[in-house]
Amino acid sequence: MLSDHLIALPTLLWIGEHPFWTLLTLLLLVTHVWRSPGRRRELVSELSFVMLSIGTILLIQFEGGWFRLPLPHHWLVEISSLLAGLVLVKVWGILLFQFLLPLCQIRIPRIIADIVITVGYIGWCLFRLYASGMALGEIVTTSAIITAVIAFSMQDTLGNLLAGVSIQLDNSIAIGDWLQVDTTQGRVVEINWRATTIETRNWETVVIPNSHLLKQRFTVLGRRQSAPLQWRRWVWFDITLDTLPTQIISLVEHSLRETRIRHVSASPRPDCLLMNVENGVARYAVRYWLTDLAVDDPTDSAVRTLIDAALRRNDRRLTPPIFNIFMTTDQDHKEQRHKRHTAERTATLRRLPLFDMLQEEELLQLADQVKFAPFVNGDRMLTQGEISGWLFVLVKGDAEMLVEVEGRELRLGTLSAGDFFGELSLLTGEPSPFTVRALGTVETYRINQAMFQELVMQRESLVEPLYRVLSARQQEQQALLAREAESLRQVAPPRDLLDKLKALFGGR
């Protein structure tokens, strides 16, 4: 019968004699494919040789059927045995280097795995030649001739192989390194016997032959011996010379070091430098160290946003390109824009409980003088212990109130659009009992003490309503302090606050 004939064939005989190893191999292979969904396409490609070899073995062993090769029977047996051994070398090479060793937290470079599997192929072929009856001398002579032919016909392939081995041995490039070759930047994801593969930030995969990589200069980004991964970035900006460069450098560096920006290293600290002065414009550069090289542009954007916000809070603006162009000023356009901004600010101030007692004319007067002050995520808008000369009114975004107790930051609450802070320092001259830090992008209006005092002095009756609003805020703070930090110094009692307000504004 056909089934009896098949069972007697060499490959199937080996499977019948070793069922445990056969089942173990199949089980491990299925488990590896199931555990690696992202690599299934690669595994299918690697196993294509295995499937082709198994198909050839089965066709060879159907002797007497529709498939017959014009070769002696013992040659067919040797071909079948050779292919079966190559299949085992390939399958167990995949399982060993891609499944079993990684399970034991052992990572072997891909090129080493490829070389070991290739040596396994060669060793099995030489063994089958010896088993078929070829003398050892003939095997050596034959292998030398084959080696010479292969070396002559595959010069480029061998050059890539040797270059890949050299790269691995001298540790000049490792998996995960960020590499720049010519104008291409990307992260190394694979080094095999033929090429080095890098993935760029643009979602591209670039394959560079190892010999080409070894012959030219390349740069490993962000790597230094005995140092963490970080890469220095430069962010440029221009400002006119109306302000002293030392003041610009000071306020930008202060903002950079006070704000926690993701992926910006704390050491070395970011700094700001005056790089050039030309045509009345000073060119500055902020240097910072990036800790995640995959997010270079987003981090640059965050740093630029912080610089712009810090400058705007200090009535400065980034300078656009300067051209010698004669033009007339559109005064009507400026007036319309000013009216629109004043109307927007008036509508915002009208919604605040602090100003609900003001008349329309008073709101317009106040809205016309407030200053726009933006903040970015992590900015310290007010620091505990600071005596602020500003009342901040949140227009957009959220901020958190923090109290520092014995080196620990305790969260008191969250401020949102419509809330305000800095009123105690503005009205009583006392230092702020808490820190306010921006949560995301925050827009505020700033009201200085002189501006606010002038408005309140015109209406003495505002003192009592102002006292009620501030007293409610103070009670909320006291409740939060009692829950979060009992050891924190309590603010003054409400009656003392009322007395201070009356004394400040001349009330009786």
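The values are calculated or read from the model by the stated rules, or taken from the named source; none is laboratory data. Quick caveat, the model's predicted, so the values are computed rather than measured. Positions of Cβ are generated from backbone atoms using ideal geometry, with glycine treated the same way; all protein chains shown enter the neighbour counts. Quick note on the areas: whole protein, heavy atoms, side chains included, nothing else; ligands and nucleic acids left out. Shrake-Rupley method; radii C 1.70, N 1.55, O 1.52, S 1.80 Å.
Worth a mention:
- Every condition in (1) among the β-branched types (V, I, T); (2) within 23 Å of L24 (Cβ to Cβ); (3) modelled with pLDDT of 70 or more holds for I57 except the one numbered (3).
So that you can scan it fast, the table gives a plain yes or no per residue for (1) open to solvent by less than 50 Å² (accessible area, probe 1.4 Å); (2) touching a strand residue (DSSP E or B) at 6+ places or on another chain (Cβ under 7 Å); (3) modelled with pLDDT under 65:
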residue	(1), (2), (3)
F421	yes, yes, no
S425	yes, no, no
T444	yes, yes, no
I447	yes, yes, no
M451	yes, no, no
L455	yes, no, no
L462	yes, no, yes
Q475	no, no, no
V491	yes, no, yes
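- Answer from S153, S172 - the residue that is exposed (fewer than 15 other Cβ atoms within 10 Å of the Cβ), of a type in the set (S, T, Y) and at pLDDT 70 or above: S172
- Residues satisfying the stated conditions in segment 281-301, i.e. of a type outside the set (S, T, Y) and either under 13 Å from P270 (Cα atoms) or in contact with a Ser or Thr (Cβ under 6 Å, 6 or more places away or on another chain) (or both): V281, A285, V286, R287, W289, L290, D300
- Subset of segment 259-301 [assigned to a helix (DSSP H, G or I) and open to solvent by 40 Å² or more (accessible area, probe 1.4 Å)]: A294, D297, P298, S301
- Among the residues of segment 343-357, those identified as farther than 15 Å from E443 by Cβ and open to solvent by less than 20 Å² (accessible area, probe 1.4 Å) are T346, L354, F355.
- Flag if L95 is open to solvent by less than 40 Å² (accessible area, probe 1.4 Å), at pLDDT 70 or above and either part of a helix (DSSP H, G or I) or closer than 22 Å to L52 by Cα (or both): yes
- Flag if A227 is more than 30 Å from V277 (Cα to Cα), in contact with a Pro (Cβ under 9 Å, 6 or more places away or on another chain) and not β-branched (V, I, T): no
- Some residue of segment 195-206 being more than 17 Å from the chain's Cα centre (by Cα) and under 30 Å from A309 (Cβ atoms): no
- Filter pass, V181 being modelled with pLDDT of 80 or more, open to solvent by less than 40 Å² (accessible area, probe 1.4 Å) and among the hydrophobic types (A, V, I, L, M, F, W, C): yes
- Residues in segment 370-383 that are surrounded by fewer than 17 Cβ atoms within 10 Å (Cβ to Cβ) and farther than 28 Å from P298 by Cα: K371 only.
- Of residues in segment 218-234 being part of a loop (DSSP other than H, G, I, E, B) and of a type outside the set (G, A, S), the one surrounded by the most Cβ atoms within 10 Å (Cβ to Cβ): Q230
- Selection count, segment 235-258, where residues are of a type outside the set (V, I, T), within 16 Å of R317 (Cα to Cα) and open to solvent by 10 Å² or more (accessible area, probe 1.4 Å): 10
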